[in-house]
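Please read the structure below before turning to the comments.
Rule-based calculations on the coordinates, nothing more; no lab input. Computed from a prediction, not measured in an experiment: that's the story for all the values here. Cβ: placed from backbone, ideal geometry, glycine included. Neighbour counts: every protein chain shown.
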Amino acid sequence: QVQLVESGGGSVQAGGSLRLSCAASGRSFSMYTIGWFRQALGKEREFLAAIGWSASSTHYIDSVKGRFTISRDNAKNTVYLQMNSLKPEDTAVYSCAARGGPTLTSKQYDYWGQGTQVTVSS
């Protein structure tokens, strides 16, 4: 089992950047695929990106490709989401999640963090 805690959210103006962190505790963190999701008010949760065990494999949805970068540091049990060129429509609660399988495109995750709020003003 793994526990996840997100941090790094906040308020930023359009065009700005934020780096979210997902700190994990528990065994075998490096064996988990980690994904980032977001949920805007009144909308369904949206998958954004995922990173595999080795960190060399990543997957993004088209709307964040080129603006967001997912990375991981297994020595620190942490996954990051660097978000650049933020837009007001990026405003949401951002959550990380872990799953045991290697498939980056799967939306089925086993463990979830509580989320961190990101607000982008115009």
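Connecting C-alpha atoms closer than 10 Å in a GNM of the chain, tell me which of I70, I51, I61 has the biggest fluctuation.
I61
So which GluC sites (Glu not before Pro) in segment 31-122 pass both tests, a DSSP loop state and at most 11 other Cβ atoms within 10 Å of the Cβ?
For GluC sites (Glu not before Pro) across segment 31-122 that sit outside H, G, I, E and B with at most 11 neighbouring Cβ atoms in 10 Å, the list reads E44.
Only bridges with both residues in the chain count here: give the DSSP antiparallel percent, nearest 5.
So the antiparallel bridges amount to about 90 percent of the total.
Please identify, among S21, S63, S85, the residue showing maximal mean-square fluctuation in a Gaussian network model of the chain using a 10 angstrom Cα cutoff.
Of S21, S63, S85, the Gaussian network model singles out S63 as fluctuating most.
Would you mind computing, in nm to one decimal, how far apart the modelled labels at Q114 and Q39 are, each placed 7 Å from Cα along Cα→Cβ?
Distance between label points: 1.5 nm.
Using the Kirkwood formula on the Cα atoms of segment 40-110, what hydrodynamic radius do you get, in angstrom to one decimal?
Its Kirkwood hydrodynamic radius stands at 13.2 Å.
Can you return the aspartates and glutamates within cross-link range of K107? Criterion is Cα-Cα under 19 Å, with same-chain partners fewer than 8 residues away left out.
E6, E44, E46, D62
Among G35, G26, G16, which one shows the biggest mean-square fluctuation in a GNM of the chain, springs joining Cα atoms closer than 10 Å?
G26
Restricting things to alpha carbons, find the Rg to Rh ratio for segment 14-74 using the Kirkwood radius for Rh. Mind dumping the intermediate values first?
Numbers: Rg = 12.8 Å, Rh = 13.0 Å.
In segment 14-74, Rg relative to Rh is 0.98.
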